[in-house]
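The numbers here are math on the coordinates, done by the rules we state, and not lab data. Computed from a prediction, not measured in an experiment: that's the story for all the values here. Here the Cβ positions follow ideal geometry from the backbone for every residue, glycine too, while neighbour counts run over all protein chains shown.
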Amino acid sequence: MKKLLTTICALVPLIGTVKAQEFTPTQIQQVKQVTELALDSDLSWQLLESLTSEVGPRLPGSENDKKAVEWAKQQFEQLGFDKVWLEPATFPNWRRYRESGTIITPSKQPLHLTALGNSIGTPKEGLTAPVVMFETLDELIAAPKGSLENKIAFVNYRMNRHIDGNGYGPAVRARNTGAIEAAKKGAIAYMMRSVSTSHHRFAHTGNSRYKDGVSKIPNTAIANPDADQIERLLNAGHAVSVNINLQTEDLGEGTSYNVIAEITGSDAPQQYVLIGGHLDSWDLGTGALDDGAGVALTMAAATHIKQIARPKRSIRVVLFAAEELGLWGAKAYFKQHADKLDNIVAAAESDFGADVVYGFESSVSANSLPVVRAIAEQLAPLDIKYVRANNAHGGPDLIPLRQATNAPIFALHQDGTDYFDYHHTADDTLDKVDPDKLKQNTAAYAVFAMMAANAKTTLTGKNP
Ligand SMILES: [Zn+2]
């Protein structure tokens, strides 16, 4: 027993030393320098301003999407990245041309709506039909077959507000498959309360699907105040009919590009930290929060690291294509690199706006946790708490990576309380981004990526 105690006592200082050696004092000094640089620099703001003003909205496959790819490539080159390249991705190319809505009965008034992505159009004059309301998608699913013949199905589910955006998942079900369920019951169009927490009169778009063997019907979301209006009219006992007019087009398969840039590591260049966002956006706003911010802040974070010191492992910024239409760029990237996914020592995508980062979370193996704790310590001065759950999901573009392998995934949780006020609307514009918060985000990504690239221990994913 005494011998065992002596051994343990001898081990304790040793464990302390091992932990300390994950990073040299010089490396810790560099972390402090990169934090200061990022908090001081307005590079991420300049990039975001340029992307959202000089390119604007970036619907996959559009002329602007091409301009965005060219913009990103040029910016990376000018910022002095060691390698810059493009990789193609294909997706279903879709366009929105015009859209409008009107409440016809009981009293004629405007209806603020938007086509959901992938929606077919209506006849030129639109289509007019009575509205049948359901509180949830499940209520629509439970409706008797044929009960919605010549009707417009309306799902009135309201998304709840939360810092981590946990209201989005339950609400988005009605967007993904609502039109399929409505068509199964005979409806001639589908209309939903926007997946939104706002009071403004903008409708929120987003991707939606059809199913083989089920007829395709026009698929639309209406603004929250308009959903309230229809709800009031129906609850007062009125028969409500509306006119929906969507002019859209399915253009078949489109091609865009993931734009990739790397700061090459000095010691293990084949290993890399993957950070990034998605370059595309919806067509209604200018994609400032979703996801111009993620693009700009990860480009800037990698640049700041390079300005301080070359990292041991590479840092790769991946700007994914066609995320909004179904993660097409991400699927292409992780397929293209399928045999080399082990080279990814850490991955994090910023795709949740640009409010402050308040939490840092990993999804890594047990022996990677000392490195994670050391990173968390350096993030603490930025007011970022360490979330110990070790269950990070990363951003949406990391879903194909998580499905393919147990890679080390990280989340820098942004405060999403207000994110769904603007998400996928005409109101997602640069003025919604706070320059100081964007700097804090940039600093957080710079610290995380620098330390993940420099740690003595190579980070590995959770065991399956
Ligand atoms: Zn996004």
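Projecting label points 7 angstrom from Cα along Cα→Cβ for Lys335 and Ser107 puts them 5.3 nm apart. Can you compute the FRET efficiency between Asp250 and Gln21 using 1/(1 + (r/R0)^6), with r the Cβ-Cβ distance and R0 = 51 Å? Round to the nearest 0.05. Plugging the Cβ-Cβ distance into 1/(1 + (r/R0)^6) gives 0.35. Given their separation in residues at 0.36 nm each and the Cα-Cα distance between them, Glu70 and Asn176 gain 35.0 nm when the chain is fully extended. Peptides 78-91, 314-327, 171-184 ranked from most to least packed by the mean count of surrounding Cβ atoms within 10 Å: 314-327, 171-184, 78-91.
Restricting the calculation to Cα atoms, segment 321-418 yields a radius of gyration followed by a Dmax of 14.1, 39 Å.
A Förster radius of 60 Å, combined with the Cβ-Cβ distance separating Lys124 from Asn367, puts the computed FRET efficiency at roughly 0.40. Here is the tail figure for the chain: Cα pairs spaced more than 43 Å apart come to 21 percent of all pairs.
Remark: spin-label model distance Asn391-Thr405 equals 2.5 nm, labels positioned 7 Å along the Cα→Cβ axis. The GluC sites (Glu not before Pro) of segment 85-172 that meet both conditions, a loop assignment by DSSP and at most 11 other Cβ atoms within 10 Å of the site Cβ, are Glu125, Glu149. Each DSSP beta bridge with both residues in segment 337-422 is either parallel or antiparallel, and the antiparallel ones are about 60%. Which residues' amide hydrogens lie under 5 Å from the amide hydrogen of Phe134, considering only partners 5 or more residues apart or on another chain, with H built in the peptide plane? Distant-sequence amide H within range of Phe134: Phe154, Val155, Asn156. Bridges between two residues of segment 94-250, per DSSP, are antiparallel at a rate of about 60%.
Taking only the alpha carbons of segment 94-250, we obtain Rg and Dmax values of 14.2, 42 Å in that order. Simple spin-label estimate for Lys211 and Asp267 gives 5.3 nm between the two label positions (7 Å along the Cα-to-Cβ direction from each Cα). Just so you know, the averaged projected area of the alpha carbon convex hull for segment 411-464 sits at 5.8 nm².
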